[in-house]
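Reviewing the structure listed below.
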Amino acid sequence: MRVLLADDHKLVRDALAFFCSRLDDDVEVLQAETYDQAAELAASAATLDLIILDLNMPGGSGFDGLDAMRKLYPDTPIV
């Protein structure tokens, strides 16, 4: 399972990545601290099974970033 975790707070990313990685040995967590990094990681990933996206971070303006990510990855659950 490949998870994209996008949050501008390192402590939040580290905590969520820790818990995600404990779900299963096959969980891979990709981390981004800006919306632009998240978009680049998502575009370069072969597959994404889940996107955890902070609504308020650099490069993404609230629900605009969420809407853009939904359009690019309509079949991937976004939290």
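The values are calculated or read from the model by the stated rules, or taken from the named source; none is laboratory data. Here the structure is a predicted model, which is why all the values come from computation and not from measurement. In this analysis, Cβ positions are derived from the backbone assuming ideal geometry, glycine residues included, and neighbour counts consider all displayed protein chains. When the accessible area is computed, the model is the full protein with side chains, heavy atoms only, and any ligands, DNA or RNA have been set aside. Shrake-Rupley method; radii C 1.70, N 1.55, O 1.52, S 1.80 Å.
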Once the range 23-79 is represented by equal point scatterers at the alpha-carbon sites, with solvent omitted, what log10 I(q)/I(0) does the Debye formula produce at q = 0.20, 0.22, 0.30, 0.31 Å⁻¹?
-0.71, -0.85, -1.47, -1.53
With a probe of 1.4 Å, find how much accessible area the chain has per residue, and write the answer as a whole number in Å².
62
Point-to-point label distance, Leu55-Glu28, nm (Cα→Cβ direction, 7 Å offset)
3.1
Given a 1.4 angstrom probe, I'd like the percentage of the accessible area of the chain that is carbon and sulfur, rounded to a whole number.
55
The value for the range 5-55 (convex hull of the alpha-carbon atoms, volume per residue, Å³) is 67
